[in-house]
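Chemist: Got a structure here, written out as structure tokens. Questions coming.
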Amino acid sequence: MPGGRYLLDTNIIIALLDGDKDVKKSLREAEQVFLPVIALGELFYGVQKSTRLENNIKRLCELAVVITILPCDMETALHYGNIKNALLKKGRPIPENDIWIAACAKQYSMIWFHGIFILHILMIYMWNAGEFENWR
């Protein structure tokens with residue numbers, strides 16, 4: 001989708017770093033690209049298990065310089081609570097970090113390039129600002 005403000009999920013960043021052509025093409029068409037601090041933390045955790053630890057930490061640090069990192073704050077926490085409660089009521093719990101990322105997407109009115117749990121959120125907790133795309 002050309003244009004737009006995109007919030008990238010962990011799996012999209014991994015695909016980007018692995019050279020995925022579809023992800024690269026979509027990013028070139030994006031108006032703005034953001035990364036939630038939660039996803040950055042997941043990425044730094046992942047590289048701790050890597051055999052090329054120093055190289056992968058360097059790659060993430062280089063990425064963090066050229067992409068806007070979105071923090072979590074009180075408003076994010078409010079959206080998190082609403083989303084988690086709605087998922088719980090429907091019996092569809094998902095991993096905590098995906099709820100935080102969804103809360104960032106809601107808070108900043110962004111298109112979320114997502115992980116596998118987005119369908120649960122879309123089916124259960126619909127919101128005006130949320131648009132979602134799957135690049136993989």
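Throughout, read-outs are computed from the coordinates displayed, never taken from laboratory work. Computed from a predicted model, the values in this text were never measured in an experiment. Note that each Cβ is placed from the backbone with ideal geometry, even for glycine, and that neighbours are counted across all protein chains shown.
Chemist: Provide the packing ranking of 92-105, 68-81, 25-38, 7-20, i.e. peptides ordered by the mean count of other C-beta atoms within 10 Å per residue, highest first.
Modeler: Taking the mean over residues of other Cβ atoms within 10 Å, the ranking is 92-105, 7-20, 25-38, 68-81.
Chemist: When the Karplus curve 6.51 cos²θ - 1.76 cosθ + 1.60 is applied with θ = phi - 60°, which whole-Hz ³J(HN,Hα) does each residue of the range 9-18 get, with x for Gly and Pro?
Modeler: 9, 3, 5, 6, 5, 4, 4, 4, 5, 7
Chemist: Let me ask something additional. Relative contact order, percent, of the range 5-127 when contacts are C-alpha pairs under 8 Å separated by at least 6 residues?
Modeler: So the answer I get is 35 percent.
Chemist: Compute, for the range 1-85, the length of the dipole vector about the Cα centre, with Cβ point charges of +1 (Lys, Arg) and -1 (Asp, Glu) only. Units Debye, rounded to 20.
Modeler: Charge dipole of the range 1-85: 240 debye, to the nearest 20.
Chemist: Can you give the three extents of the C-alpha atoms in the range 5-127 along their principal axes, from longest to shortest, in whole Å?
Modeler: Projected onto its principal axes, the Cα set of the range 5-127 covers 43, 32, 26 Å.
Chemist: Report, by chain and number, residues whose modeled amide H sits under 5 Å from the one on L70, excluding near sequence neighbours (fewer than 5 apart, same chain).
Modeler: L35, V37
Chemist: Let me ask you something else. Using the Karplus equation 6.51 cos²θ - 1.76 cosθ + 1.60 (θ = phi - 60°), what ³J(HN,Hα) coupling, rounded to whole Hz, does each residue of the range 41-52 give in order, writing x for Gly and Pro?
Modeler: Running phi through 6.51 cos²θ - 1.76 cosθ + 1.60 with θ = phi - 60° gives x, 4, 5, 5, 4, x, 5, 5, 9, 7, 7, 10 Hz.
Chemist: Please report the net charge: other residues with Cβ closer than 15 Å to the Cβ of V65, K and R +1, D and E -1.
Modeler: That works out to +1.
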